[in-house]
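Trainee: One structure coming up, written as structure tokens, with questions to follow.
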Amino acid sequence: MGEIDIIAIRGRTIIFVEVKKRTNHKELFESITIKQQHRIYNAAEIFLGKNPIYTKHKKRFDAILIPSNLFPIHVKNAW
């Protein structure tokens with residue numbers, strides 16, 4: 001099934017976040033594959049099914065990308 005690294009609420013939006021650390025920027029931006037996006041989306045649907053209080057919230061999928069020895073990059077609406 002899969003896991004979600006971070007689940008956050010901002011106003012009426014529920015945000016599902018994938019965190020990735022890689023050695024260079026190219027690897028970071030290629031690290032979240034379509035298959036992984038589907039897995040995270042399915043895990044989010046399961047979470048919402050078990051927590052119906054959030055089903056009316058808008059969904060957003062973000063990524064936090066961490067290159068070695070640099071500051072993290074927060075990508076909103078990553079997919």
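The values are calculated or read from the model by the stated rules, or taken from the named source; none is laboratory data. Owing to the predicted nature of the structure, the values given are computational and were not obtained by experimental measurement. Glycine gets a Cβ as well: all are built from the backbone with ideal geometry, and neighbour counts include every protein chain shown.
Trainee: Can you find, within the stretch 1-24, the residue that is modelled with the highest pLDDT among those that are surrounded by 10 or more Cβ atoms within 10 Å (Cβ to Cβ) and basic (Lys, Arg)?
Mentor: Arg10
Trainee: Considering only the stretch 40-56, I want to know if a residue exists there that is in contact (Cβ under 8 Å) with a residue 40 or more places away in the chain and in contact with a Ser or Thr (Cβ under 7 Å, 6 or more places away or on another chain).
Mentor: For the stretch 40-56, residues in contact (Cβ under 8 Å) with a residue 40 or more places away in the chain and in contact with a Ser or Thr (Cβ under 7 Å, 6 or more places away or on another chain): absent.
Trainee: Right, another one. Does Tyr54 fit the bill of being under 9 Å from the mean Cα position of the chain (by Cα), surrounded by 12 or more Cβ atoms within 10 Å (Cβ to Cβ) and not small (Gly, Ala, Ser)?
Mentor: Here the answer is no, as Tyr54 does not meet what is asked.
Trainee: Restricting the first residue to the stretch 1-29 and requiring it to be within 12 Å of Ile66 (Cβ to Cβ), which pairs with a second residue that is part of a helix (DSSP H, G or I) meet a Cβ separation below 7 Å and a spacing of at least six or different chains?
Mentor: From the stretch 1-29, the pairs are Glu18/Ile40; Lys20/Leu28; Arg22/Leu28.
Trainee: Among Ile66, Ile46, which is outside any helix (DSSP H, G or I) and over 16 Å from Ile9 (Cα atoms)?
Mentor: Being outside any helix (DSSP H, G or I) and over 16 Å from Ile9 (Cα atoms) holds for just one of Ile66, Ile46, which is Ile66.
Trainee: Something else now. Of everything in the stretch 30-39, what is part of a helix (DSSP H, G or I) and touching a residue at least 12 places away in the same chain (Cβ under 8 Å)? Give them in sequence order.
Mentor: Gln36, Gln37, Arg39
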